[in-house]
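Below you'll find the structure I mean.
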Amino acid sequence: VQLQASGGGLVQAGGSLRLSCAASGSIASLGLMTWYRQAPGKQRELIATLSSFGTTSYAAPVKGRFTISRDNAKTTVYLQMNSLKLEDTATYYCNVWFSGNSYWGQGTQVTVSS
């Protein structure tokens, strides 16, 4: 399974971005889908989770501003990020589970400017 993350970039505070993470390879539908982020000098943190049943959960810093979703084929996971803040600046990583294994995307940089 290969994951290709995209959608990062430079945005002003208060703006929006939509991240995508597309899976390719010998897959059917993916299981648990998550987004993490890692700011410079900080540990990678889990920010959004989407279960195979469609249940979502969010870390407190992004709750109410970010939305995780997926396509009907369950091969692409999205992260809609609204009302972005300076502290959202980080490298964002997708992670998915398939057939008992965890796979990481390559990371996409999000930079929020004032």
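Would you pick out the residues in the range 25-46 that are assigned to a strand (DSSP E or B) and touching a Leu at 6+ places or on another chain (Cβ under 8 Å)?
M33, T34, W35, Y36 - these are the residues of the range 25-46 that are assigned to a strand (DSSP E or B) and touching a Leu at 6+ places or on another chain (Cβ under 8 Å).
Further, regarding this structure: Restricting to the range 42-64, and then to whatever is of a type outside the set (S, T, Y) and at pLDDT below 95, can you tell me which residue is surrounded by the fewest Cβ atoms within 10 Å (Cβ to Cβ)?
By that ranking, first place goes to F53.
Restricting attention to the range 24-38, report how many residues are within 14 Å of the chain's Cα centre (by Cα) and open to solvent by 20 Å² or more (accessible area, probe 1.4 Å).
3
Only one of these conditions is not met by G54: (1) touching a residue at least 24 places away in the same chain (Cβ under 8 Å); (2) at positive phi. Which number is it?
All conditions are met except number (1).
I'm told Q4 meets every condition in (1) open to solvent by 40 Å² or more (accessible area, probe 1.4 Å); (2) of a type in the set (S, T, N, Q); (3) at pLDDT 95 or above; (4) within 15 Å of the chain's Cα centre (by Cα) except one. Can you identify the failing condition by its number?
Only one criterion in (1) open to solvent by 40 Å² or more (accessible area, probe 1.4 Å); (2) of a type in the set (S, T, N, Q); (3) at pLDDT 95 or above; (4) within 15 Å of the chain's Cα centre (by Cα) is unmet by Q4, namely (3).
Scan the range 7-23 residue by residue and report those that are under 12 Å from the mean Cα position of the chain (by Cα) and in a loop (DSSP other than H, G, I, E, B).
Passing the criteria: G7, G8.
Does N95 satisfy being open to solvent by 30 Å² or more (accessible area, probe 1.4 Å) and either at pLDDT below 95 or not in a loop (DSSP other than H, G, I, E, B) (or both)?
Spelling it out, it is not the case that N95 is open to solvent by 30 Å² or more (accessible area, probe 1.4 Å) and either at pLDDT below 95 or not in a loop (DSSP other than H, G, I, E, B) (or both).
If you take the residues of the range 70-88 that are open to solvent by less than 40 Å² (accessible area, probe 1.4 Å) and of a type in the set (S, T, N, Q), which of them is modelled with the lowest pLDDT?
It comes out as T75.
Moving on to the next point. Are any residues in the range 59-92 assigned to a loop (DSSP other than H, G, I, E, B), within 14 Å of C21 (Cα to Cα) and among the basic types (K, R), and if so, which ones?
Scanning the range 59-92 gives a single hit, K74.
Restricting attention to the range 103-114, which residues are touching a strand residue (DSSP E or B) at 6+ places or on another chain (Cβ under 6 Å), open to solvent by 20 Å² or more (accessible area, probe 1.4 Å) and among the small types (G, A, S)?
Residue satisfying the conditions is S113 alone.
The values are calculated or read from the model by the stated rules, or taken from the named source; none is laboratory data. Source: prediction; values computed, not measured. Methodologically, a virtual Cβ is constructed for each residue, glycine included, from the backbone with ideal geometry; neighbour enumeration extends over all protein chains shown. Ligands, DNA and RNA are stripped out before the accessible areas are found, and what is left, the full protein with its side chains, is counted by its heavy atoms. Shrake-Rupley method; radii C 1.70, N 1.55, O 1.52, S 1.80 Å.
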